[in-house]
Amino acid sequence: EKDGTQGPGYAPGMALMGKYVLIGEGARGSLAKRLIAKYQLSDGREPAKFGIGLKELWQVKPEHHKPGLVQHSFGWPLDMKTGGGSFLYHLEDNQVAVGFVVHLNYKNPWLSPFEEFQRFKTHPAIKGTFEGAKRIGYGARAITEGGWQSVPKLSFPGGVLMGCAAGFVNVPRIKGSHNAVLSGMLAAEHVAQAIADGRANDELASYEAAWRATDIGKDLKTVRNVKPLWSRFGTIIGVGLGGLDMWLNTLFGFSPFGTLKHGKADYATLEPATKHQKIAYPKPDGVLTFDRLSSVFLSNTNHEENEPVHLIVGDAALQQRSEHDVFAGPSTRYCPAGVYEWVDKDGNAAADPSAKDVRFVINAQNCVHCKTCDIKDPNQNINWVPPQGGEGPVYQGM
Ligand code: SF4
């Protein structure tokens, strides 16, 4: 319970006593995060990189439905220095999934990935699909983007990382499930061999040594410079160079760039609010574009009222001094579920971001577990921990 007592549904935490424990808990997994820190698994690697993906599911009119149609884009409505792009898939039964990804190394604290996504749907090439349609689902999730050079050491005493906990997404293909499956198979083979050899609880160094020569490694190595080139040179030149680099890697196994670095971790790329122009986002119309709260409703997320807050702010004074005073509260914009607010003494959202008489409010029950705050808070001052009872979004058809 919120007061620290054991509630009626209390169950103790689970001890994982397997001979080997395989951690495949998705991007920025909370166990993986602790294991990476405890065993210094990211030493000597580039920082982990992430994007936030937002997605909606729509029931469209039959005349606007083209089963199998896939549309991808990058850039607009983002500026040319901010990485990201869209996907739009026509599914079965007149359903269309539309989504937008923003790379979390953006610099402007006024940017709102949620509002960029809403604006994206108003593009003339897109909005017709949604005429007379009904939105039926909403969700958001961080995705890994660091690839080849950011994958941490995968083995530690008694276990390994796999899937998105390792960071196997191929960014230009917007795809990671293929490598997640392959890494599960690879981990299983190494575990089976170790158990057959009578081993247990030691380090599966052979799995770490093997993955770069497998199809996962080949897949990620070919595209390793796309994200760094995009970050360095912007959408037009960077994506162009990334395409050229992929062709050279595919045809000749060679890159004139070698292996580029990603640079700073995503939390360190934000710049003070005074260095950037505030972005004026249009008001939602409630038909094609929406606000956060009506969106969160469609995620079916739920957290019991009296449970401990699962978003832990380490230092409240630092949050005010830096996140609010220097960066003008980016959590109120990067969170796709409206969890964070800076409010005035009357409890209203502070209209003036430079106001001093404000306090930080966490509406934890709205959280859709995307992990963006854990990644993007400029001081790494927010720690996402699992809420009690496995609560969170209950996505349907997403
Ligand atoms: S509180 Fe954090 S994890 Fe939850 S929805 Fe907001 S940004 Fe995502």
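FYI, it's all coordinate maths here, none of it is from the lab. All values reported here derive from a predicted model rather than from experimental measurement. No Cβ is skipped: glycine too gets one built from the backbone with ideal geometry, and neighbour counts run over all protein chains shown.
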Quiz item: How do Phe233, Phe120 rank when sorted from fewest to most other Cβ atoms within 10 Å of their own Cβ?
Solution: Phe233, Phe120
Exercise. Normalise the Cα radius of gyration of the stretch 267-390 by 2.2 N^0.38 Å (N = residues in it) and let me know the number.
Key: 1.08
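How much length, in nm to one decimal, is gained on full extension between Thr5 and Asn94, taken as 0.36 nm per residue of separation minus their Cα-Cα distance?
The Thr5-Asn94 span can extend by a further 27.2 nm.
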Quiz prompt | Entries in Lys33/Lys221; Lys107/Lys283; Lys153/Lys175; Lys153/Lys261; Lys33/Lys283 that, when Cα-Cα distance is taken, lie over 26 Å | solution = Lys33/Lys283
Self-check item: Enclosed volume per residue, in Å³, of the convex hull spanned by Cα atoms of the stretch 1-77
Solution: 314
Exercise. Would you kindly compute the Cα radius of gyration of the stretch 198-296 and its largest Cα-Cα separation (Dmax), both in Å?
Key: 21.1, 63
Quiz prompt | Asp346 paired with Lys61, simple spin-label distance in nm, labels 7 Å along Cα-to-beta-carbon | solution = 4.4
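Taking neighbour counts of Cβ atoms within 10 Å as a proxy for exposure, in what order, fewest first, do Tyr340, Tyr89 appear? Working shown, then result.
Working: Tyr340 26, Tyr89 16.
Sorted ascending by nearby Cβ count, the order is Tyr89, Tyr340.
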Quiz prompt | All-pairs Cα distance distribution in the stretch 94-192, expressed in whole percent, bin size 5 Å | solution = 2, 10, 16, 17, 14, 14, 11, 8, 5, 3, 1, 0
Self-check item: Translational diffusion coefficient (Stokes-Einstein; Kirkwood radius from C-alpha pairs) of the stretch 268-338 at 10 °C, 1.306 mPa s, in µm²/s
Solution: 106
Quiz item: If packing is taken as the mean number of other Cβ atoms within 10 Å per residue, what is the order of 64-74, 48-58, highest first?
Solution: 48-58, 64-74
Self-check item: Gap separating the Cα centres of the stretch 45-93 and the stretch 260-324, nearest whole Å
Solution: 20
Quiz prompt | Label-to-label distance, nm, for residues given as Phe257 and Met80 (7 Å Cα→Cβ offset) | solution = 1.7
Self-check item: Sorted peptide list for 179-192, 302-315, criterion being average Cβ within 10 angstrom, highest first
Solution: 179-192, 302-315
Practice problem: Report, largest value first, the span of the C-alpha coordinates of the stretch 234-288 along each principal axis, in whole Å. | Solution: 50, 32, 17
Quiz item: Mind checking which of Thr372, Thr214, Thr144 has the largest fluctuation in a GNM of the chain, springs on alpha carbons under 10 Å?
Solution: Thr214
Quiz prompt | Dimensions (Å) - the chain, Cα atoms, principal axes, largest first | solution = 64, 57, 46
Self-check item: Alpha carbon Rg of the stretch 50-144, scaled by the compact-globule rule 2.2 N^0.38 Å
Solution: 1.08
